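Asks: A single structure is presented below for examination.
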Amino acid sequence: MKAEAVKWGKRGARVNTISPGIVITPLAKDELSGPRGESYRRMIELCPVGRAATPDEVGTVGALLMGSDGAFITGSDFLMDGGVTAAYWYGDLAPK
């Protein structure tokens with residue numbers, strides 16, 4: 001994405017990515033009740049925000065990046081996982 005931002009910037013485009021964690025969709029609801037559901041629920045419970053994202057929250061970040069308020073943002077990845085990654089490295093989800 002960073003390399004593409006440089007390449008596409010020469011054409012006046014901006015390139016960013018959104019990396020969401022668990023987003024409550026019909027598929028996520030199936031996953032939460034499936035064989036890996038317990039580990040997903042644990043991830044959600046132990047992350048700093050204590051919940052999964054909504055599709056609207058992901059859409060809000062997309063709207064920021066696509067709109068004039070995000071005009072100076074390029075070459076960035078927006079990790080929006082409720083802090084799951086941080087909890088994995090530094091919190092209760094960290095390997096012991």
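Asks: Once label points are set 7 Å from the Cα along Cα→Cβ at both E31 and Y90, what is their separation, rounded to one decimal in nm?
Replies: For E31 paired with Y90, the spin-label model returns 2.4 nm.
Asks: Right, here's the next one. Take the Cα radius of gyration of the range 2-90 and divide it by 2.2 N^0.38 Å, with N its residue count; two decimals is plenty.
Replies: 1.30
Asks: Give me the dipole magnitude in Debye, nearest 20, for the chain about the Cα centre, with unit charges on the beta carbon: positive for Lys and Arg, negative for Asp and Glu.
Replies: About 380 debye.
Asks: Right, something else. Enumerate by residue number the chymotrypsin sites (Phe, Trp or Tyr not before Pro) in the chain meeting two conditions: DSSP loop (anything except H, G, I, E, B), and at most 15 other Cβ atoms within 10 Å of the site's Cβ.
Replies: Listed in order of number, the matching sites are F72.
Asks: Which distance in nm do the two modelled labels at E45 and M66 give, with both placed 7 Å along the Cα-to-Cβ direction?
Replies: Output for this residue pair reads 3.7 nm.
Asks: Now for a separate question. Which Cα, out of P35, S76, A86, lies furthest along the positive dipole direction of the range 2-90 (beta carbon charges, K/R +1, D/E -1)?
Replies: In the range 2-90, that residue is S76.
Asks: If I model a spin label as a point 7 Å beyond the Cα along the Cα-Cβ vector, how far apart are those points for I73 and A3 in nm?
Replies: According to this spin-label approximation, the distance is 2.4 nm.
Read-outs throughout are calculated quantities, based only on the coordinates presented, and are distinct from any laboratory measurement. These figures come from a predicted structure and were not determined experimentally. Here the Cβ is made from the backbone with ideal geometry for all residues, glycine too, and neighbour counts use every protein chain on show.
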